[in-house]
1. Kindly provide the set of residues from region 148-207 that are touching a Phe, Trp or Tyr at 6+ places or on another chain (Cβ under 7 Å) and either acidic (Asp, Glu) or free of Cβ contacts under 8 Å to residues at least 24 places away in the same chain (or both), ordered by number.
2. Which is modelled with pLDDT of 80 or more and loosely packed, with under 11 Cβ neighbours inside 10 Å, of Gly102, Gly118, Gly74?
3. Could you tell me which of the residues Glu182, Glu131 is at pLDDT 85 or above, surrounded by fewer than 17 Cβ atoms within 10 Å (Cβ to Cβ) and not hydrophobic (A, V, I, L, M, F, W, C)?
4. I need a count of the residues in region 53-70 that are touching a residue at least 12 places away in the same chain (Cβ under 8 Å) and either in contact with a Leu (Cβ under 7 Å, 6 or more places away or on another chain) or not in a helix (DSSP H, G or I) (or both).
Amino acid sequence: MTAMDLPADNSTAEVKDADLVRAARNGDLDAFDLLVKRHERRIYGLARRLTGSDHDAQDVTQQTFLSAVKNLSGFRGAAAFSTWLTTIAANTAFKLARKRRGLPTTSLDAATDFGEDGRIPHPEYIADWREAPDRLAQRAETHRLLDAAIAELDPGHRAVFLLRDVEDLSVRETAKALKLSEANVKVRLLRARMQLRERLTRAFGDRMRRYKPDRHIHVRAGADAEEAVHA
């Protein structure tokens, strides 16, 4: 298959990524250009949220596709092309962020901070939401508030939340992309969700049902975290 084999009406919606990847690997640059057009907006959005900068997001997006075309021969199709591309974008964004800060390259797994007793700190306030987070994210009028809340998360938790809940990568795929253990991904995701829920309570919470949690109740980092992540 080549780009010339696409439908005459120029509709590419039904053309699978795998077909375009196969054509691109055979030297059809037009096929790769179609992959870029199909995914560049999503990759830019992810990069923008990870870096917090339009300029850096543009750099990350460009470097992501340059890296993709350079390493396309090594793409084996074990995961979807979109997942592979997301992984490249996340790694590119982290490398750029570390370069900006002048920090050495370290594993995010080493940066997880538990409480002194090894448990996840409970949020100060929690409240029932009128709608689930995934439904809120689909409503245009909530995007600005949700983006601001996501931007307030620390980079490690923000990355896990974006890849798992926004990009819909599996726990295993997220762990591989961020070079974390699967258990660490589950813990970080739980913490990110709890932090977002607390930050957005004022905007979306039912104030009549707000309550202060029992200080003696803890959320353990093991089975409870895994159960909560899959909830």
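The values are calculated or read from the model by the stated rules, or taken from the named source; none is laboratory data. Because the structure is predicted, anything quoted here is derived from the model rather than measured. Positions of Cβ are backbone-derived with ideal geometry, glycine not excepted, and every protein chain shown enters the neighbour counts.
1. Residue satisfying the conditions is Glu198 alone.
2. The match here is Gly74.
3. On the way: Glu131 fails: at pLDDT 85 or above.
It is Glu182.
4. Keep residues of region 53-70 that are touching a residue at least 12 places away in the same chain (Cβ under 8 Å), which gives 56-61, 63-65, 67-69.
Restricting the remaining residues to those that are either in contact with a Leu (Cβ under 7 Å, 6 or more places away or on another chain) or not in a helix (DSSP H, G or I) (or both) gives 56, 59-60, 64, 68.
Selection size over region 53-70: 5.
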